């Protein structure tokens, strides 16, 4: 065999070995204690911070240290990597029918995938370490 063909075959083999490693990187978010029924909307004025957990999970930290976990109906590409998103709403609420857009950072904020939100589930704040 020619050296180019051997290098190509070796490169393909190494690429295929990397696929299972990437697949196992999808670790589910840590379990949380649900402390109430899911709601459709949260008041935008009460959102103090957002914490992107992964491509499908965002924790909304509200006034009074209340936390609502939003599990998106579908995985949102690059959300977990970028950990930044934007939304627009014409009312003072963010709801399960609203859309978020991932902000790709580096070289300015470039808009990425747009994804629908799920319901907002109240969870217990995690124990401080």
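Taken together, the values in this text are just the output of simple stated rules run on the coordinates, not laboratory data. Please read all numbers here as calculations on a predicted model, not as lab measurements. Please note: Cβ atoms are built from the backbone with ideal geometry, for glycine as well, and neighbour counts cover all protein chains shown.
Placing a pseudo-label 7 Å from each Cα along the Cα-to-Cβ vector at residue 84 and residue 66 gives an inter-label distance of 2.9 nm. Full extension of the chain segment joining residue 114 with residue 47 gains 22.1 nm, where the gain is 0.36 nm per residue of separation less the Cα-Cα distance.
Would you please give the FRET efficiency between residue 98 and residue 34, computed as 1/(1 + (r/R0)^6) with r the Cβ-Cβ distance and R0 = 25 Å, to the nearest 0.05?
On the way: r = 22 Å, r/R0 = 0.87.
The calculated FRET efficiency here is 0.70.
Based on Cα contacts under 8 Å between residues 6+ apart, segment 30-123 shows a relative contact order of 34 percent.
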